[in-house]
Amino acid sequence: MTQFTARDLDRKCASVLQACDEEGEVKITHRDGRTYRLLREPTQNDEVKVPDFAARHTAMGFEEPISKAVTDAVDKAMTENR
């Protein structure tokens, strides 16, 4: 986490916000020792991070994708046990 001073926030606000965009949060320290965290809030336009299931599948040693019949059977079993 990048650390800025209150003076940086006043004089270089764009740089502080850019760092917050890139890192997700920054720490701001006041001259008297008080500290603050500035957090970036997600927006509707943010990309949702989805796990790479194909990479996990390959890492587990499976060479071929799971067949539709198997996935249908698992889905059916899960819905029946609700």
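The values are calculated or read from the model by the stated rules, or taken from the named source; none is laboratory data. Not measured: the values here are computed from a predicted model. In this analysis, Cβ positions are derived from the backbone assuming ideal geometry, glycine residues included, and neighbour counts consider all displayed protein chains.
Would you check if A54 is in a helix (DSSP H, G or I), without any contact (Cβ under 8 Å) to a residue 12 or more places away in the chain and among the hydrophobic types (A, V, I, L, M, F, W, C)? Here the answer is yes, as A54 does meet what is asked.
Looking only at region 33-82, residues that are among the charged types (D, E, K, R), at pLDDT below 80 and surrounded by 10 or more Cβ atoms within 10 Å (Cβ to Cβ) come to 0 in all. Which one of the conditions (1) free of Cβ contacts under 8 Å to residues at least 12 places away in the same chain; (2) touching a Ser or Thr at 6+ places or on another chain (Cβ under 6 Å); (3) not hydrophobic (A, V, I, L, M, F, W, C) does P65 fail to meet, given that it meets all the rest? Result: P65 passes all but (2).
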